[in-house]
Amino acid sequence: GVQTCALPILLRDGDRVMAAIRRAIPLEDDRRDEVLVRAGEITRAIVYGTVVVAIVQGTIGGITFRLLSLPGATLWGTMMGVLALIPMVGPPLVWIPTSIYLVITGSVMRGLILAAVGALVIGTVDNLLRAIFVSGRAEVHSLVVFLSVLGGVFVFGAPGIGVGPVLFVVALISIEIGRATRLNSSHGYISYA
């Protein structure tokens with residue numbers, strides 16, 4: 001799609017794109033730099049936090065599969081990690097059917113243990129770590145982070161995991177610009193330096 005074609009261009013011309021963005025922001029140099037630094041911090045925190053959460057969830061899932069002597073523990077742990085990058089899908093797409101299968105085939109205790117670990121540990125880790133890594137570093141509420149990733153996935157598919165937070169940052173910058181412009185105009189001047 002468009003995002004796939006844009007990536008090589010952004011990598012090649014990133015400095016020129018950033019210079020154009022800087023020129024387009026109608027704020028004084030100090031304020032513009034502050035907004036851009038904040039935008040960078042938020043974007044890094046969201047992307048970093050999402051990846052860390054996915055790795056931890058996949059690792060816990062794989063370890064649980066191994067401890068329950070289920071075949072393909074590494075494969076299924078990796079799948080849970082990859083699926084954890086997709087909001088509203090995530091690791092339950094692996095552990096729920098596996099739990100049901102285990103119960104149906106007579107391994108009731110293993111099925112119940114896997115369901116309990118999935119619901120109580122893997123699901124809780126998502127909320128806990130996302131709040132620590134993302135909300136704490138970016139100083140953004142975890143619900144906002146979740147909605148930015150979710151909206152990005154709905155609109156752009158899998159690349160929306162990164163695109164959604166970036167669009168959130170663009171909206172944040174726009175709000176900051178509007179607020180700064182309003183404050184400057186209330187003091188009798190508007191700076192478009």
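The values are calculated or read from the model by the stated rules, or taken from the named source; none is laboratory data. These numbers come from a predicted model, not from an experiment. Every residue, glycine as well, gets a Cβ built from its backbone with ideal geometry; the counts of neighbours run over all protein chains shown. Ligands, DNA and RNA are excluded from the accessible area calculation, which covers all protein heavy atoms including side chains. Shrake-Rupley method; radii C 1.70, N 1.55, O 1.52, S 1.80 Å.
Looking at segment 84-193, the helices (runs of 4 or more DSSP H) lying wholly inside it that each contain 2 or more residues that are at pLDDT below 75 and open to solvent by 60 Å² or more (accessible area, probe 1.4 Å) sit at 142-156, 160-186. Every condition in (1) at pLDDT below 95; (2) among the basic types (Lys, Arg); (3) within 19 Å of residue 92 (Cα to Cα) is met by residue 66 except one, and the failing one is (1). State whether the residues of segment 8-16 include one that is at pLDDT below 75, open to solvent by less than 80 Å² (accessible area, probe 1.4 Å) and of a type in the set (A, V, I, L, M, F, W, C). For segment 8-16, residues at pLDDT below 75, open to solvent by less than 80 Å² (accessible area, probe 1.4 Å) and of a type in the set (A, V, I, L, M, F, W, C): absent. When the residues of segment 35-74 are filtered to those that are outside any helix (DSSP H, G or I) and open to solvent by 50 Å² or more (accessible area, probe 1.4 Å), the one that is farthest from residue 107 (Cα to Cα) is 71.
Among (1) at pLDDT 75 or above; (2) in a helix (DSSP H, G or I); (3) open to solvent by 70 Å² or more (accessible area, probe 1.4 Å), where does residue 4 come up short? Residue 4 satisfies every listed condition except (1). Just to be sure, is residue 77 touching a residue at least 12 places away in the same chain (Cβ under 8 Å), touching a Gly at 6+ places or on another chain (Cβ under 6 Å) and open to solvent by less than 60 Å² (accessible area, probe 1.4 Å)? Considered against the rule, which asks whether it is touching a residue at least 12 places away in the same chain (Cβ under 8 Å), touching a Gly at 6+ places or on another chain (Cβ under 6 Å) and open to solvent by less than 60 Å² (accessible area, probe 1.4 Å), residue 77 comes out as yes.
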